[in-house]
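*Asks:* One structure is given below, represented as structure tokens, and several questions about it will come after.
The values are calculated or read from the model by the stated rules, or taken from the named source; none is laboratory data. Because the structure is predicted, anything quoted here is derived from the model rather than measured. As a convention, Cβ positions derive from the backbone with ideal geometry for all residues, glycine included, and neighbour counts pool all protein chains shown. Accessible surface areas use protein heavy atoms only, side chains included; no ligands, DNA or RNA. Shrake-Rupley method; radii C 1.70, N 1.55, O 1.52, S 1.80 Å.
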Amino acid sequence: MGDIVALKSIIRPTETVAIGVLKSTDPSKEVEGEELGLDYWEVYVQVPVKPNESLIRSYGLVKTIGQATGAQVALPAPFVVYFFRKY
């Protein structure tokens with residue numbers, strides 16, 4: 001883990017909404033008390049590109065990419081694209 005990833009828009013999958021760091025692909029890992037499951041990955045949001053983009057899973061008052069900056073979120077794996085892999 002620790003790879004730099006681009007987070008894609010759920011509505012417009014060709015658009016990048018943020019840059020982040022891949023934290024976990026383990027389906028049993030919990031993010032804000034909810035297991036990731038098979039289809040989600042844990043990502044640390046670092047740089048919002050489209051801060052008003054809605055999250056698929058909101059966390060209390062955190063509902064957009066901009067609000068999630070500096071936090072871990074769960075995103076569907078197909079919308080997390082490797083940008084720079086750590087070797």
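*Asks:* Below 8 Å, C-alpha to C-alpha, sequence gap of six or more: please give me the relative contact order for region 18-83 in percent.
*Replies:* Values: 126 pairs, mean separation 21.4, N = 66.
Relative contact order for region 18-83 comes out at 32 percent.
*Asks:* Pull up all non-local amide H partners of Val17: gap of 5 or more, or a different chain, and H-to-H distance under 5 Å with H placed in the peptide plane.
*Replies:* Leu7, Lys8, Ser9
*Asks:* If amide H atoms are built 1.01 Å from N in the plane of the peptide, which residues on other chains or at least 5 residues away come under 5 Å of the amide H of Lys29?
*Replies:* Under 5 Å from the amide H of Lys29 lie the amide H atoms of Leu36, Gly37, each far enough along the sequence or on another chain.
*Asks:* Also, quick follow-up: Could you tell me which of Gly60, Trp41, Gly20 has its Cα farthest along the dipole of the chain towards the positive end, charges placed at Cβ (Lys, Arg +1; Asp, Glu -1), taken about the Cα centre?
*Replies:* Of the candidates, Gly20 comes out farthest on the positive side.
*Asks:* Only loop residues by DSSP count here, and only those with at most 16 other Cβ atoms within 10 Å; note down the trypsin sites (Lys or Arg not before Pro) in region 32-87 that meet that. Present the calculation step by step, with values, prior to reporting the outcome.
*Replies:* Values: sites: Arg57, Lys63, Arg85, Lys86; in loops: Arg85, Lys86.
Here the sparse-neighbourhood loop sites are Arg85, Lys86.
*Asks:* Would you please name the GluC sites (Glu not before Pro) within the chain that are DSSP coil residues with at most 16 other C-beta atoms within 10 Å of their C-beta?
*Replies:* Values: sites: Glu15, Glu30, Glu32, Glu34, Glu35, Glu42, Glu53; in loops: Glu15, Glu32, Glu53.
Sparse-neighbourhood loop GluC sites (Glu not before Pro): Glu15, Glu32.
*Asks:* Give a residue-ordered list of calculated ³J(HN,Hα) values for region 28-35 (Karplus: 6.51 cos²θ - 1.76 cosθ + 1.60, θ = phi - 60°; whole Hz; x for Gly, Pro).
*Replies:* Values, residue by residue: 8, 5, 9, 10, 6, x, 10, 5 Hz.
*Asks:* How much accessible area per residue does region 1-56 have, in Å², with a 1.4 Å probe?
*Replies:* Solvent-accessible surface per residue comes out at 55 Å².
*Asks:* Which of Val80, Pro51, Gly70 sits closest to the plus end of the dipole of region 3-87, meaning its Cα is farthest towards the positive end, when Lys and Arg get +1 and Asp and Glu get -1 on the C-beta?
*Replies:* The residue sitting farthest along the positive end of the dipole is Pro51.
*Asks:* Using each residue's phi in region 63-75, evaluate 6.51 cos²θ - 1.76 cosθ + 1.60 at θ = phi - 60° and report the 3J(HN,Hα) Karplus result to the nearest Hz, with x for Gly and Pro.
*Replies:* Calculated HN-Hα couplings, in order: 10, 10, 4, x, 5, 8, 4, x, 10, 8, 9, 9, 10 Hz.
*Asks:* In whole Hz, what ³J(HN,Hα) sequence does region 6-15 give by Karplus (6.51, -1.76, 1.60; θ = phi - 60°), x for Gly and Pro?
*Replies:* These are the phi-based 3J(HN,Hα) values: 9, 9, 9, 5, 6, 7, 10, x, 7, 9 Hz.
*Asks:* Amide H of Ala71: which non-local residues (sequence gap of 5 or more, or other chain) have their own amide H closer than 5 Å, using H built in the peptide plane?
*Replies:* Under 5 Å from the amide H of Ala71: Val45.
*Asks:* When the dipole is taken about the Cα centre of the chain, and only Lys, Arg (+1) and Asp, Glu (-1) are charged at their Cβ, what size is it in debye, to the nearest 20? Working shown, then result.
*Replies:* Details: 9 positive and 10 negative charges, 70 e Å.
The dipole of the chain has a size of about 340 debye.
*Asks:* I'd like the carbon and sulfur percentage of the solvent accessible area for the chain, probe radius 1.4 Å, heavy atoms only, ligands and nucleic acids excluded.
*Replies:* Values: 2740 of 5050 Å².
Answer for the chain is 54 percent, counting heavy atoms of protein chains only.
*Asks:* How long are the semi-axes of the equivalent ellipsoid of the chain, defined as square roots of 5 times the Cα gyration tensor eigenvalues? Whole Å, largest first.
*Replies:* Details: eigenvalues 55, 52, 27 Å².
Over the Cα atoms of the chain, the semi-axes work out to 17, 16, 12 Å.
*Asks:* About the Cα centre, and with charges only on the beta carbon of Lys, Arg (+1) and Asp, Glu (-1), how big is the dipole of region 1-48? Nearest 20 debye, please.
*Replies:* Values: 4 positive and 9 negative charges, 60 e Å.
Dipole of region 1-48, to the nearest 20 debye: 280 debye.
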